[in-house]
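One structure is given here, and the rest of the page talks about it.
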Amino acid sequence: MSQLPIETVLDDLFQGITKRDRLIVKAPPGAGKSTRLPLALLERDLVAGKILMLEPRRLAARNIANYLASQRGESLGETVGLRVRGESRTSKQTRLEVVTEGVLTRMVQDDPELDGVSLIIFDEFHERSIQADVSLALVLDVQQGLRDDLKVMLMSATLDDDALLSLLPDAAVITSEGRCHPVTYDYMPVSRQRGIGSPSYESLVAAEVSKLMLAQSGSALVFLPGVAEIKRTADELKTRVSEDVLICPLYGQLSPKEQQQAIAPCESGKRKIVLATNIAETSLTIEGIRLVVDSGLERVARFNRKTGITRLETVQIARSSAIQRAGRAGRIEAGHCLRLYGEDNFQRMRAVPEPEIVTSDLTSTVLELAQWGATPDELLWLDSPPELHWTQASALLVQLGLLQENQTLTAMGRAAHAFGTEPRLAAMLAFAKKCDDKAAQSTACWLAAWSEEPLRGFREPDLAKHLVAVSRQKGNQARRARYFAEKLGCSLSSDMAFYWLPVLASVAWPDRVAKARGNDGRYQLSNGHGAELEPDHPMTGADYLVVADLMTVKQGNSKIFVAAELDISELENERSELFTDFEWVDWDDNKGRIIAERQRRLGRLVVDKTAIASPDQSRITDALLSAVRRKGLSSLSWNTKSESLLTRARCAMNWCIGPDLPDISDDGLLAQLETWLAPFMVSVTRWSQMNKIDLNAALEAYIGWEAAKDIDRLLPETYKVPTGSGYRIRYQVGQKPVLAVRMQEVFGEATSPTIADGKVTLVLELLSPAQRPLQITQDLAGFWQGAYREVQKEMKGRYPKHVWPDDPANHVATNKTKRHFKQ
DNA sequence: CTCTCCCT
């Protein structure tokens with residue numbers, strides 16, 4: 001085998017690893033970074049302890065580990081080991097462990113000092129999965145605080161150097177060439193009518209693939225966004241290709257054995273078409289591939305903060321992914337890539353994919369960091385987790401009973417973390433463990449296994465039927481159920497505990513308990529959102545459901561796919577922590593009376609209520625205040641005086657009085673109604689009496705008598721012009737104050753008048769004798785000198801009886817005509 | 001026409 005490009009930089013790399021603690025290895029596909037590099041590290045014996053190499057996918061981890069072991073003439077589990085979910089192949093001899101991302105996070109959590117580990121390699125770091133970002137943050141924390149001898153290496157094909165270097169300024173950067181045989185390209189834009197989602201999309205893809213197979217030699221790798229597209233394309237292809245062409249689907253939910261079949265070499269004389277998701281985009285060599293067909297699409301999980309639901313979206317891939325996908329064609333010999341989009345489209349793609357941590361549900365991440373005992377601002381991030389997502393995730397963990405308000409784990413939270421599954425399911429399993437009912441525990445295991453990997457294409461609304469079906473399956477779900485059962489110390493049964501099932505589901509999805517809005521299948525979820533059953537759904541009419549699977553649609557109610565009927569009183573018996581008591585008072589506009597009731601609530605749902613017979617005055621005040629809050633400040637009876645005080649106080653805050661005043665913005669006042677408005681409502685019992693409130697007095701009391709006096713002095717309501725008349729100053733928040741006055745009345749004023757101890761200049765709106773606007777100026781002196789001449793000429797013509805002096809700055813002000821003046 | 005990937 002000829003020398004790989006990475007060999008030429010190995011010396012730099014060995015030097016880097018001796019001198020620095022952090023390394024960045026940038027190498028395009030074919031350099032040998034995931035294969036030659038780790039072997040070279042083992043051969044050189046540069047690091048004393050174990051090397052961990054992180055791969056983003058199980059399939060990739062398994063293949064690389066197998067390949068590395070075979071290169072050393074060993075079998076897996078000797079020097080080279082593997083650790084992924086559900087499979088651990090290591091021994092005392094093991095010096096290089098290939099692991100997946102979640103496994104690394106677990107290892108760090110279980111042993112923060114990472115005893116015996118000397119080097120951690122993050123392969124394919126450019127993919128920026130949330131797991132890789134989180135485990136890097138933890139590993140860097142370990143390096144800084146506990147293990148200054150630990151080395152970290154980030155390997156990537158395409159990565160924003162600047163961002164990474166500013167995160168790790170002292171890292172050694174090693175750049176390698178790639179090696180790739182030449183690849184030729186064809187572009188074929190697909191019209192919207194035949195594009196993704198249209199019924200003819202897969203037949204178009206299949207036609208192009210079979211044409212390519214006729215025209216070219218070798219096997220093909222086709223990148224499609226998801227399982228549905230893969231299955232339909234496979235069906236279409238069967239009728240179009242000859243029998244010596246194998247059609248091999250490849251995606252994550254297939255069993256390891258099926259996946260292995262898809263990437264294994266063909267029998268001699270045969271060729272194959274691999275239909276893959278982006279599981280095959282990196283770290284995977286498939287025998288005999290020299291043709292690539294790229295749909296240019298992928299599915300990404302996008303968390304909707306409003307509904308708390310993660311939805312899969314089909315989106316255009318990034319340019320870096322398009323390059324990776326095409327590169328698969330040139331691994332063995334010169335290849336060809338057909339892109340099912342235009343070349344201009346390729347140029348317009350975003351350069352690199354958006355990091356998952358920015359768009360994902362952070363519930364698992366918050367739990368992980370709480371277990372670690374750090375807040376996000378104490379760790380290093382390439383992209384910080386967004387604060388709003390973080391707060392929402394924390395709130396969910398609190399609701400699940402895993403986190404305390406102070407962000408530390410509860411006892412149940414610590415127990416849940418040990419289950420190694422997503423927080424909702426972990427909370428449910430921890431609850432099952434405590435409830436000490438074997439049937440409930442078995443059901444909990446099946447529910448967790450189902451939720452991790454639901455049955456695809458099983459159109460069945462009843463959650464119980466899903467679990468029964470899952471319990472009859474062999475494979476991933478059964479293995480996971482057994483794993484959970486071991487943790488709970490229970491045995492698995494395919495009889496579901498029907499009493500417990502809805503309770504368990506409510507523990508996992510407390511935000512998705514649904515209350516009927518009527519008899520027509522419309523429901524309200526405890527998170528406040530609307531959801532509905534399909535028409536003629538057998539559960540229509542049930543008072544309460546717990547929704548295990550639903551889909552948000554762009555507009556209107558979410559669609560409920562899988563649910564269980566719930567007896568709300570049973571949930572109250574088993575998990576009263578989910579419920580809160582609440583005294584609700586409000587003014588009902590339609591009925592024209594106070595509503596006062598004691599409510600039992602689950603999230604936003606009112607599950608029970610009793611009227612409070614004769615509410616006392618403070619309750620009535622509360623009700624009216626909540627009506628004010630709903631209707632806004634403008635619903636109060638403002639008059640000129642109170643409105644003027646409020647506006648002037650707000651202006652004063654901007655100009656001269658500063659932050660001593662309480663928050664008197666609309667939001668600030670609405671938030672403090674109890675403080676400033678309530679004391680003036682002692683005898684108000686109906687909305688119609690609200691107009692009796694002296695808002696001026698209330699505001700004056702709120703901002704303080706001294707401040708109110710200052711405001712009157714600094715921001716007077718009127719301004720006295722030289723004639724002695726006072727005119728109202730127009731105040732508006734965010735704008736300069738305006739004084740409208742007839743021009744003649746300010747003769748004798750040399751410069752623009754000011755207020756607020758001279759800090760603010762009045763804008764003069766100068767009017768004609770007939771009160772028509774003539775000029776607006778903030779600089780009266782300048783006006784007299786300049787533009788006044790023109791105005792004077794015009795005014796002399798139109799109002800000859802009035803005085804229009806040549807030197808207005810020093811003339812006597814007047815509101816009268818010449819005749820009066822002469823007398 | 002409901003579903004990428006991953007977790008002691």
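Couple of notes before you dig in:
- On the stretch given as region A:184-204, residues that are crowded, with 17+ Cβ neighbours inside 10 Å and outside any helix (DSSP H, G or I) total 2.
Each row is one residue, and each column tells you yes or no for (1) of a type in the set (Asp, Glu); (2) farther than 19 Å from A:Tyr251 by Cβ; (3) crowded, with 20+ Cβ neighbours inside 10 Å.
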| position | (1), (2), (3) |
| --- | --- |
| A:Leu275 | no, no, yes |
| A:Ala280 | no, no, yes |
| A:Ser283 | no, no, yes |
| A:Ile289 | no, no, yes |
| A:Asp294 | yes, no, yes |
| A:Arg299 | no, no, no |
| A:Arg302 | no, yes, no |
| A:Gly308 | no, yes, yes |
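- A:Leu159 of a type in the set (A, V, I, L, M), modelled with pLDDT of 85 or more, surrounded by 16 or more Cβ atoms within 10 Å (Cβ to Cβ) and more than 14 Å from DNA strand B (Cβ to nearest atom): no
- You will find that of A:Lys231, A:Lys211, the residue that is in the same structural domain as A:His336 (by TED's automatic domain parsing), away from DNA strand B (no atom under 16 Å from the Cβ), among the charged types (D, E, K, R) and surrounded by fewer than 19 Cβ atoms within 10 Å (Cβ to Cβ) is A:Lys211 and no other.
- Considering region A:756-823, the qualifying helices (runs of 4 or more DSSP H), each wholly inside and each with 1 or more residues that are closer than 30 Å to A:Val733 by Cβ and not polar (S, T, N, Q), run over A:780-785.
- A:Thr105 touching a helix residue (DSSP H, G or I) at 6+ places or on another chain (Cβ under 8 Å), farther than 26 Å from A:His181 by Cα, among the hydroxyl-bearing types (Ser, Thr, Tyr) and buried (at least 22 other Cβ atoms within 10 Å of the Cβ): yes
- Of the strands (runs of 3 or more DSSP E) contained entirely in region A:82-127, those carrying at least 2 residues that are not hydrophobic (A, V, I, L, M, F, W, C) fall at A:87-89, A:96-100.
- Check on A:Thr610, within 18 Å of A:Gln689 (Cβ to Cβ) and either of a type in the set (Val, Ile, Thr) or at pLDDT 95 or above (or both): no
Rundown of residues vs (1) within 14 Å of DNA strand B (Cβ to nearest atom); (2) without any contact (Cβ under 8 Å) to a residue 12 or more places away in the chain, yes/no style:
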{"residue": "A:Leu168", "(1), (2)": "no, no"}
{"residue": "A:Pro199", "(1), (2)": "yes, yes"}
{"residue": "A:Ala206", "(1), (2)": "yes, no"}
{"residue": "A:Gly218", "(1), (2)": "no, no"}
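- Test result for A:Leu254, in a loop (DSSP other than H, G, I, E, B), within 16 Å of DNA strand B (Cβ to nearest atom), at pLDDT below 85 and touching a Leu at 6+ places or on another chain (Cβ under 8 Å): no
- Failed item, numbered, when A:Gly145 is tested on (1) free of Cβ contacts under 8 Å to residues at least 60 places away in the same chain; (2) small (Gly, Ala, Ser); (3) in contact with a helix residue (DSSP H, G or I) (Cβ under 6 Å, 6 or more places away or on another chain); (4) more than 16 Å from DNA strand B (Cβ to nearest atom): (3)
- Taken residue by residue, region A:643-661 has at least one member that is within 27 Å of A:Val760 (Cβ to Cβ), touching a Pro at 6+ places or on another chain (Cβ under 8 Å) and crowded, with 16+ Cβ neighbours inside 10 Å.
- Listed by position, the strands (runs of 3 or more DSSP E) enclosed by region A:516-634 that each have at least 3 residues that are closer than 30 Å to A:Gly668 by Cβ are A:579-588, A:593-602.
- Criterion (surrounded by 17 or more Cβ atoms within 10 Å (Cβ to Cβ), away from DNA strand B (no atom under 11 Å from the Cβ) and of a type outside the set (Asp, Glu)) met by exactly one of A:Ala395, A:Ala469, A:Ala427, A:Ala416: A:Ala427
- Note on region A:549-571: residues that are more than 11 Å from DNA strand B (Cβ to nearest atom) and either touching a residue at least 24 places away in the same chain (Cβ under 8 Å) or among the basic types (Lys, Arg) (or both) amount to 11.
One line per residue, one yes/no per condition, for (1) more than 11 Å from DNA strand B (Cβ to nearest atom); (2) within 27 Å of A:Gln3 (Cα to Cα); (3) among the hydrophobic types (A, V, I, L, M, F, W, C):
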{"position": "A:Gly32", "(1), (2), (3)": "yes, yes, no"}
{"position": "A:Pro38", "(1), (2), (3)": "yes, yes, no"}
{"position": "A:Ile51", "(1), (2), (3)": "yes, yes, yes"}
{"position": "A:Arg57", "(1), (2), (3)": "no, no, no"}
{"position": "A:Ala61", "(1), (2), (3)": "no, yes, yes"}
{"position": "A:Ile64", "(1), (2), (3)": "yes, yes, yes"}
{"position": "A:Ala69", "(1), (2), (3)": "yes, yes, yes"}
{"position": "A:Leu82", "(1), (2), (3)": "no, yes, yes"}
{"position": "A:Arg106", "(1), (2), (3)": "no, no, no"}
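The values are calculated or read from the model by the stated rules, or taken from the named source; none is laboratory data. Since the model is a prediction, treat every value here as computed from it, not as a measurement. Here the Cβ is made from the backbone with ideal geometry for all residues, glycine too, and neighbour counts use every protein chain on show.
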